[in-house]
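Q: Starting off with a structure, shown below.
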Amino acid sequence: MYLGKADVNTYEKGSSREFLTTNGWGGFGFSTVIGANTRREHGLLVVKKSGEEAFPDVLISKVDETVISKGKKYHLSTNRYTDVIYPDGYRYLQEYQAEPLPGMLFVIHSVFLRKTIFMPRNLPLTVIKYELLSSPESVRLEIRPLAAHRGVDRLFPEKDGSGFESSFTRNSVMIQGRGLQSYFSFNRGDWRSKPLWFENLIYEHDDCDKPGTDSLWSPGVLSMEMTEGDSVYVVLGAESVQHDHESLAAMENETRRFFQESLSESPLVRKTPMVRDLLHTASHCLSEMNGKRPKVFSGYPSVRESARETFVSVPGLLLVTGRKGFAERLLKVWLDRAAGNGHVMPSKVNPHTGDLETRACDTGLWFFYALDKFCEQSGQVELVRENWSDLAAILENYRKGIPGIGISMDRDCLLELRSDDPGSNWMDGETDGRPIVERRGKLVEVNALWYNSLRAMEKYSELIGRDSDSRDYGAVAEECRRNFQKIFWSEKGYLFDWVDGGTRDESVRCNQILAVSLPATVMDPERGRSVVETCWNELYTTFGLRTLDPHHEKYKGRCEGRIDQREKARFMGMAWPWLLGQFITAYLRYNPDRKDIAWCFLRPFLSHLRKGCLGGVAEIFDGSMPYKPHGDALYSPSVSELLRVIGEDM
């Protein structure tokens, strides 16, 4: 990923391109390549609290740098205030390079200063390296840290009486305020205490009804002389730990090696620029360190741990990238959680308490999707054999009924949902405690997943010698298939979104694509092809499948207006990239010789990878022009589905 001068030579261009660095614990550094923060979640040091599952805090928001050459000051930073952009350091940014570590090159006449940012794996630190590549004479570099000390979900529009203060001890400045503390450490230079408030900073890319306004506090300035060839590290930390130049250089090399290995070890032989960017980004979404349980983060900046997003991401993030051991350990963690939860798969880990929440009716079925993909690509069924009783108990609960989430199997072998909980299915948007999309009875994607799960268990029970179980699962699956086509099929050539007795939702929605994209399709070929064509004609957009037909009277294709209107748009017309992956798989099922068209579906992301979170894919996009991204700037299922399609189908 390389950006040149023409990509960043205006505030609008530079502020629309974001870099991300992570430490594998859920901590991250996230900002724009020009250093201007445009979201409340932006910050160079964003770390988890002591509770592993808690929301992260923005400790150090950014640093402002100034180069003094031949008696003249050049401000390299960029900030946007209520009525002005100052300073405008993006004018000196010559290039940005992302691989393996985010790096910016500033050029001031014959002064070339390179800045590299990284987070060591395992540590709550962000390290910034400055290298003076070229300069006819010495220059002075001044660095001022700006502290936020707040949760990622909060803002402080005005300076407050929270008592920010700092103390300096042996090349380290401790910053305290708003109940938090952080550290700014260095190996050379002179520290000058000069407290200063930065007020009325504007975050114009906040996904809210109006831009966020924030205030930051700075304790002082670090100043040092540099000559050509010099390099220096500064460290932003959540802990007071001293590191010498050599140890920081070793951390930098180790971090570089980690990301380079994440590329070289992938079995995706055709490493096009698109694939390399996606592989590099995928490593930010995974965590398995120091003996801690493996996890897949939903994305950034949300850093959630969700069952559905995890299972959707397993094939692309882990299996086609060669991380099958990680996938096996991850699936075992979630299977153990289900076993300890009465053999009901939890929905997510509560970000405040770390407790498991059980709301969604489909997470257990998505688990079998991920398990089947793992067994197919690893060529082994030991995980199934060793955990057969737990797997069978999860499906048996669906057959008997799970009162806590209101799901049970009807006499026609289809699953029926009886719940008013907005979080009972994946379209979980809500306003004032009510679901945005009213869905009840038999849901199309839930029963497609149910059929896929039954066929998977039929296959694996036969492989491990449980013939009677295989016949039982097969009989239920066949009845499910017969009745699915009977009640969901519309003579208009698509599938109803849900059916409740004599009531049918005839709106054209994206959920039906799973009926033809999952490994075991519940549709016959002729009707399946019709479903794909309907989704293509009515729901396909450049970056995903819309959640609702644009001709529908309730269609809302852009994320704009009040917060409640934005929330409604998520499931009333906006497009989801992860569903595009399922669509491409379904398209190739009925058009196996048209991979050229499949690449046409994928290629638009080449442009998107160079905007927003560089190398990543956003959570959702507007369903109507101009298709702006929203939600997580980097969303695991979006990245995963592109990698899965390339690895499995292309």
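The values are calculated or read from the model by the stated rules, or taken from the named source; none is laboratory data. Keep in mind that what you see is a predicted model, and the values were worked out from it rather than measured. Backbone-built Cβ (ideal geometry, glycine too); neighbour counts: all protein chains shown.
Q: Test of understanding: among Ser240, Ser302, Ser223, which residue is part of a strand (DSSP E or B), out of contact with any helix residue (DSSP H, G or I) (no Cβ under 8 Å at 6 or more places or on another chain) and polar (S, T, N, Q)? Before you say what the answer is, go through the steps one by one.
A: On the way: Ser240 fails: part of a strand (DSSP E or B); Ser302 fails: part of a strand (DSSP E or B).
Selected residue: Ser223, the only one of Ser240, Ser302, Ser223 that is part of a strand (DSSP E or B), out of contact with any helix residue (DSSP H, G or I) (no Cβ under 8 Å at 6 or more places or on another chain) and polar (S, T, N, Q).
Q: Quick check on this structure: which one of Thr353, Thr310, Thr321, Thr281 is of a type in the set (S, T, N, Q), part of a loop (DSSP other than H, G, I, E, B), crowded, with 22+ Cβ neighbours inside 10 Å and within 22 Å of the chain's Cα centre (by Cα)?
A: Details: Thr353 fails: crowded, with 22+ Cβ neighbours inside 10 Å; Thr310 fails: part of a loop (DSSP other than H, G, I, E, B); Thr281 fails: part of a loop (DSSP other than H, G, I, E, B).
Answer to the selection: Thr321.
Q: Please work out if Lys194 is within 33 Å of the chain's Cα centre (by Cα), assigned by TED's automatic domain parsing to the domain that holds Leu141 and basic (Lys, Arg). Spell out how you get there, then give the answer.
A: Working: within 33 Å of the chain's Cα centre (by Cα): no; assigned by TED's automatic domain parsing to the domain that holds Leu141: yes; basic (Lys, Arg): yes.
In short, no.
Q: When you scan the stretch 584-650 for helices (runs of 4 or more DSSP H) that lie fully inside it, which ones turn up with 1 or more residues that are aromatic (Phe, Trp, Tyr), buried (at least 19 other Cβ atoms within 10 Å of the Cβ) and not assigned by TED's automatic domain parsing to the domain that holds Phe571?
A: Working: elements: 595-602, 604-608, 636-644.
Qualifying helices (runs of 4 or more DSSP H): none found.
Q: Determine which member of the set Gly465, Gly501, Gly441, Gly474 is in the same structural domain as Ala575 (by TED's automatic domain parsing), exposed (fewer than 15 other Cβ atoms within 10 Å of the Cβ) and touching a residue at least 12 places away in the same chain (Cβ under 8 Å).
A: Every option except Gly501 fails the conditions.
Q: Considering only the stretch 417-431, I want to know if a residue exists there that is outside any helix (DSSP H, G or I), surrounded by fewer than 24 Cβ atoms within 10 Å (Cβ to Cβ), among the β-branched types (Val, Ile, Thr) and touching a helix residue (DSSP H, G or I) at 6+ places or on another chain (Cβ under 7 Å).
A: yes
Q: Still on this structure, I have one more. Is there a residue in the stretch 552-568 that is in a loop (DSSP other than H, G, I, E, B) and either aliphatic (A, V, I, L, M) or under 22 Å from Ala448 (Cα atoms) (or both)?
A: So in the stretch 552-568, the residues in a loop (DSSP other than H, G, I, E, B) come out as 552-562.
This time we only want the ones that are either aliphatic (A, V, I, L, M) or under 22 Å from Ala448 (Cα atoms) (or both), so: none.
No: the stretch 552-568 contains no residue that is in a loop (DSSP other than H, G, I, E, B) and either aliphatic (A, V, I, L, M) or under 22 Å from Ala448 (Cα atoms) (or both).
Q: Tell me yes or no: at least one residue of the stretch 97-113 is at negative phi, among the charged types (D, E, K, R) and modelled with pLDDT of 95 or more.
A: Initial filter on the stretch 97-113 (at negative phi): 97-108, 110-113.
Then drop every residue that is not among the charged types (D, E, K, R), which leaves 99.
Imposing the further condition that a residue be modelled with pLDDT of 95 or more reduces the set to none.
No: the stretch 97-113 contains no residue that is at negative phi, among the charged types (D, E, K, R) and modelled with pLDDT of 95 or more.
Q: Related question: Quick one: in the stretch 70-96, of everything that is assigned to a loop (DSSP other than H, G, I, E, B) and among the hydrophobic types (A, V, I, L, M, F, W, C), which residue is modelled with the highest pLDDT? Even if it seems obvious, please write down each step before you answer.
A: If we filter the stretch 70-96 for residues that are assigned to a loop (DSSP other than H, G, I, E, B), which is where we start, we get 70-71, 76-77, 82-84.
If we keep only those that are among the hydrophobic types (A, V, I, L, M, F, W, C) as well, we get 76, 84.
Details: Leu76: 97, Val84: 94.
By that ranking, first place goes to Leu76.
Q: Then there is this: Please verify whether the stretch 288-298 includes one or more residues that are farther than 23 Å from Asp57 by Cα and of a type in the set (Ser, Thr, Tyr).
A: The first filter runs over the stretch 288-298 and keeps only residues farther than 23 Å from Asp57 by Cα, leaving 291.
With of a type in the set (Ser, Thr, Tyr) added as a condition, the list becomes none.
There is no residue in the stretch 288-298 that is farther than 23 Å from Asp57 by Cα and of a type in the set (Ser, Thr, Tyr).
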